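S.K.: One structure, pasted below without further comment.
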Amino acid sequence: MSHPSVPKQMTPANGATGLETYVQLTWTRPAGATSFHLQVGTDSTFAGGFVVNDPALADNFKNLSGLNYLTKYYWRVNAQNAAATSPWSEVRHFMMAKQALSAPMLVSPADGSFNIRTDTTLR
């Protein structure tokens with residue numbers, strides 16, 4: 001069995017900004033790779049700990065949710081098989097949105113209105 005190559009990170013783009021609190025990380029599946037180790041943290045050296053440290057992913061993607069607004073996240077991944085583990089990929093980063101979007105506010109018809117026609121446009 002050959003040693004797997006380093007996976008190439010696909011999404012999100014390196015340096016992506018304005019992301020919501022749900023993100024899907026994706027990467028390539030090098031020939032011979034049977035699993036992946038993904039690390040996500042809030043500093044580029046991962047010395048401050050991990051938001052995700054999953055050493056046994058079968059798929060070449062990971063859905064993340066519940067991330068914090070106004071936070072920069074760093075991530076890297078490697079590939080594994082029974083023979084060896086690849087080196088880590090480059091460290092990439094993405095930035096969450098500044099704040100959650102607020103719910104739209106109904107302007108018309110006025111709250112509490114009655115006898116409204118069924119073809120009325122809500123604004």
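The values are calculated or read from the model by the stated rules, or taken from the named source; none is laboratory data. Computed from a predicted model, the values in this text were never measured in an experiment. Virtual Cβ from ideal backbone geometry, glycine too; neighbours counted across all protein chains shown. Side chains included, ligands, DNA and RNA excluded: accessible areas come from the protein's heavy atoms. Shrake-Rupley method; radii C 1.70, N 1.55, O 1.52, S 1.80 Å.
S.K.: Only one of (1) assigned to a loop (DSSP other than H, G, I, E, B); (2) surrounded by 14 or more Cβ atoms within 10 Å (Cβ to Cβ); (3) free of Cβ contacts under 8 Å to residues at least 40 places away in the same chain fails for TYR74. Which number is that?
M.R.: (1)
S.K.: Please go through region 49-64 and pick out each residue that is closer than 16 Å to PRO30 by Cα and of a type outside the set (D, E, K, R).
M.R.: Those that are closer than 16 Å to PRO30 by Cα and of a type outside the set (D, E, K, R): ALA56, LEU57, ALA58, ASN60, PHE61.
S.K.: Looking at region 39-52, which of its residues are within 18 Å of THR11 (Cα to Cα), surrounded by fewer than 18 Cβ atoms within 10 Å (Cβ to Cβ) and not β-branched (Val, Ile, Thr)?
M.R.: Passing the criteria: only SER44.
S.K.: Residues being touching a residue at least 40 places away in the same chain (Cβ under 8 Å), over 16 Å from GLY66 (Cα atoms), outside any loop (DSSP other than H, G, I, E, B) and open to solvent by less than 40 Å² (accessible area, probe 1.4 Å): count how many of those fall in region 11-38.
M.R.: Residues meeting the conditions: 5.
S.K.: What is the one condition in (1) open to solvent by less than 70 Å² (accessible area, probe 1.4 Å); (2) in a loop (DSSP other than H, G, I, E, B) that ASP111 does not satisfy?
M.R.: The single condition ASP111 does not satisfy is (1).
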